[in-house]
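Please treat every number below as a calculation from the coordinates, not as lab data. Computed from a prediction, not measured in an experiment: that's the story for all the values here. Ideal geometry is used to build each Cβ from the backbone, glycine not excepted, and the neighbour counts take in all protein chains shown.
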Amino acid sequence: MTLVTTDAFDASAAWQLSPRVSLRDETFGALAYHHDTRRLVFLKSRPLVSLVRRLGEFATASDAVTALVPSAEHDRYVAALRSLARSEILCGS
Amino acid sequence: MGVDSSLRSRFEQGLAAPICLTWELTYACNLACTHCLSSSGRRDPKELTTDEAKKLIDEIAAMQIFYINIGGGEPMMRKDFFELVEYATSQNIGVKFSTNGTRLDAAAAKRLTSIDYLDIQISIDGVDALTSDRIRGEGSYDQARRAMDNLRDAGFGPFKISVVMTRESVEQLDQFEQLADSYGAQLRLTRLRPSGRGVDEWANLHPSREQNRELYYWLKDRPQVLTGDSFFHLSALGEPLDGLNLCGAGRVVCLIDPIGDVYACPFVIHDEFLAGNVRADGFEAVWQTSELFTSLREPGNPGACASCGSFDACRGGCMAAKFFTGLEITDPDPECVFGHGETALASQRVTLRRASTQDHSRRTRIAVSS
């Protein structure tokens, strides 16, 4: 089974944690495992884990970042989301 | 799956649950490979029952362990093999299982193809019968190839061909790659450890320092070749290989053996690395609170490697390889790329090779009929 691969992460679109991904909390953040690609990805902070878990509640990824992340950190978190979208941990919703 | 050094140090302190859990389902095996790291052959009468195995799978699911590596022995020799695999995958636990292929006939291939979340590794130890059978027994290579044919014909998709790197097989890297390509399979290479019956064979079979160097560059050119983080001791040669590049024993890795004993990693089936038993304690308690695993998660002493500029790259290498060649944990890896391990081995006043404390080898070697 292949999912649509997304090279271009558009923060003005709606995103969510892929239903094909399991997240396991760890002290440093979380481990994410994609059951189709069999790839393991590390989420390296607790706030990033919360953002990823709640992403699907918002109309766009930008809205989620604005609501959940201090403004000085916005770019860093958008970059983190882009990277997670590239590894298919996130998918469009 | 590259990780930075801050994350690596977090891993060295241990995780809530293993990333890589190996579960040897049975000590029974119809082959008698000379380098078998679990000294398998005969079934142990104390092996987990079907109900106990399912209870363990429930616990694995509750701990959110994403996938398990099933081995043996030959796991397909358990009568409840399919029942257990299907029980695990139905709970969304991915299963990767290693097999010698002898039981993987057309019907089994068809059934395996119907299971989601399943990866199969078929082991060979040479690219031809001559090389492989010397280690795995007469007829074993042809049987493994038949299993590969069966998986291909059943439309399983990209299975894995798993090869332990020996002095001979490491000379056949390009041919292994061609073989894997011919099946649309993935190649998986792992390190020969001096564990189990391998303790007797390691000195004769392990690749030379020059061969290890060539292997490192070959792997650097082929990130698609899987290694299970097996060759991190070679990362001292330059850029790290793909993977966590650390000794995961008791930190991100562990082994559950067929009787439920939990060891720090698949390569140290020895009382010194026995953390507990799933029957007696439950797996989660062993993983999270056993004395052994707690001590393995404490900051390590770099020992003899402290003054080496490459310690951060190789972390002193593989604990099991040191232990079974009689080196101290603070010694360099016996296959240290700079030769420090060879020096340490040569300076041993007496050879302190240890033997595994579980031995299920058959008493006589049997030929495999083809």
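The table below gives the values:
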item: Coordinate range along principal axes, alpha carbons of the range A:20-92, Å, largest first; result: 33, 28, 19
item: Computed over chain B, the ratio Rg/Rh where both radii use C-alpha atoms and Rh is Kirkwood; result: 0.94
item: Percent of alpha-carbon pairs separated by more than 29 Å within the protein assembly as shown; result: 49
item: Amide H partners (placed H, <5 Å) of B:ILE70, local residues excluded; result: B:TRP23, B:LYS96, B:PHE97, B:SER98
item: Average projection area in nm² (convex hull over Cα atoms of the range B:192-302, one quarter of hull surface); result: 8.5
item: The range B:118-170 - Debye-derived log10 I(q)/I(0), Cα point model, q = 0.17, 0.18, 0.24, 0.25 Å⁻¹; result: -0.51, -0.57, -0.89, -0.93
item: Derived scalar couplings ³J(HN,Hα) [the range B:244-256; Karplus, 6.51 cos²θ - 1.76 cosθ + 1.60; whole Hz; x for Gly, Pro]; result: 6, 6, 8, 6, x, 4, x, 10, 10, 10, 7, 10, 10
item: Cα-based Kirkwood hydrodynamic radius, the range B:123-215, one decimal, Å; result: 13.8
item: Subset of B:LYS55/B:LYS160; B:LYS46/B:LYS220; B:LYS220/B:LYS322 violating a 32 Å alpha-carbon distance limit; result: B:LYS46/B:LYS220
item: Under 16 Å from the Cα of B:LYS79 - aspartates and glutamates, other chains or at least 8 residues apart; result: B:GLU24, B:ASP44, B:GLU47, B:ASP51, B:GLU52, B:ASP105
item: The protein assembly as shown, dipole about Cα centre (Lys/Arg Cβ +1, Asp/Glu Cβ -1), debye to the nearest 20; result: 340
item: Positive dipole terminus of chain B, leading residue within B:SER195, B:ALA249, B:PRO18 (C-beta point charges); result: B:SER195
item: Estimated 222 nm signal from helices in chain B, with DSSP H stretches of n ≥ 4 weighted -39500 (n - 2.57), rounded to 500; result: -9500 deg cm²/dmol
item: Simple Cβ-charge dipole of the range A:20-92, Lys/Arg +1 and Asp/Glu -1, about Cα centre, in debye nearest 20; result: 240
item: Translational diffusion of the range B:1-138, µm² s⁻¹ [Kirkwood Rh, Cα pairs; Stokes-Einstein; 4 °C; 1.567 mPa s]; result: 78
item: Cut-off under 5 Å, modelled amide H: who pairs with B:ALA275 long-range; result: B:VAL262, B:TYR263, B:ALA264
item: Phi-based couplings in Hz for the range B:312-319 (Karplus 6.51, -1.76, 1.60; Gly and Pro marked x); result: 5, 7, 10, 6, x, x, 8, 4
item: Listed residue (B:ALA264, B:GLN358, B:LEU151) projecting farthest to the positive dipole end of the protein assembly as shown, Cβ model; result: B:GLN358
item: For the range B:214-370, projected area of the alpha-carbon convex hull averaged over all directions, nm²; result: 12.7
item: Amide proton proximity set for B:GLY126, modelled H, under 5 Å, gap of 5+; result: B:SER132
item: Rounded to 5, percent antiparallel among DSSP beta bridges of chain B; result: 15
item: Charge-dipole axis of chain A as Lys and Arg at +1 and Asp and Glu at -1 on Cβ define it, positive-most pick from A:LEU43, A:THR27, A:ALA59; result: A:THR27
item: Phi to ³J(HN,Hα) by Karplus 6.51 cos²θ - 1.76 cosθ + 1.60 over the range A:55-60, Hz, x for Gly, Pro; result: 3, x, 6, 10, 5, 9
item: Convex hull volume per residue for the range B:1-68, taking Cα atoms only, in Å³; result: 145
